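Below: the structure, in structure tokens.
The values are calculated or read from the model by the stated rules, or taken from the named source; none is laboratory data. All figures in this text were calculated on a predicted structure; none of them were measured in a lab. Cβ placement follows ideal geometry from the backbone for every residue including glycine, while neighbour counts extend to all protein chains displayed. These accessible areas exclude ligands, DNA and RNA; they are computed on the full protein's heavy atoms, side chains included. Shrake-Rupley method; radii C 1.70, N 1.55, O 1.52, S 1.80 Å.
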Amino acid sequence: MNFSYSSCEASCLLQSELVNYERVKEYCLKVLGHQQDHFKAMYRAGIAFYHLGDYECALRYLRDAKSREPTACLLQSELVNYERVKEYCLKVLGHQQDHFKAMYRAGIAFYHLGDYECALRYLRDAKSREPTDTNVLRYIQLTEMKMSKSGQQVRESGKEALG
């Protein structure tokens, strides 16, 4: 049997207004039956177990997910501490300069912290390693838009001061 995880399906199940956590849990467990180390299925199963009140299972799945992808867990949480994500990614990059995920996630962190120049630098580095990654390309585009918008606001405020 050939089975593939649909990130979109699980994500849509979690993001719908009336989440059926039982369905999310069943789907993720099915995925994990085929791909035992699938981070997103692990993480989403943990979230589902949490909302279903099975905190012991939730904790187990979330810890397993965190042990495989610590920075991704920080980014997936509802209240993201981008300062913490940035620090962790910079620490990873201090040891492995060409770590794609750390570059990408550092770029996201800098973006959300409002440091668009640093965000763009890390995102462009990530793009040089994965030129077709749509998430990287999307964040580069968002960052460039923010930079042009803030540049335009600076120019407009300068005109107001002059005239």
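For every residue, the table says whether it meets (1) at pLDDT 75 or above; (2) open to solvent by less than 80 Å² (accessible area, probe 1.4 Å); (3) not in a helix (DSSP H, G or I).
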residue	(1), (2), (3)
E17	no, no, yes
C28	yes, yes, no
V31	yes, yes, no
Q36	yes, no, yes
L59	yes, no, no
R63	yes, no, no
C73	no, yes, no
- Message: Go through (1) within 18 Å of V31 (Cβ to Cβ); (2) at pLDDT below 80; (3) hydrophobic (A, V, I, L, M, F, W, C) for L79 and report which single condition fails.
- Response: (1)
- What do you reckon, is Y88 open to solvent by 40 Å² or more (accessible area, probe 1.4 Å), at pLDDT below 95 and in contact with a Pro (Cβ under 8 Å, 6 or more places away or on another chain)? yes
- Note on the structure: Across (1) assigned to a helix (DSSP H, G or I); (2) modelled with pLDDT of 80 or more; (3) surrounded by fewer than 16 Cβ atoms within 10 Å (Cβ to Cβ); (4) out of contact with any Gly (no Cβ under 9 Å at 6 or more places or on another chain), C12 clears everything bar (2)
- Query: Name the pairs whose Cβ atoms lie under 8 Å apart, with the first residue in region 96-119 and more than 17 Å from M147 (Cα to Cα) and in a helix (DSSP H, G or I), the second of a type in the set (G, A, S) and modelled with pLDDT under 90, and 6 or more positions between them or separate chains?
  - Reply: K101/A72; R105/A72
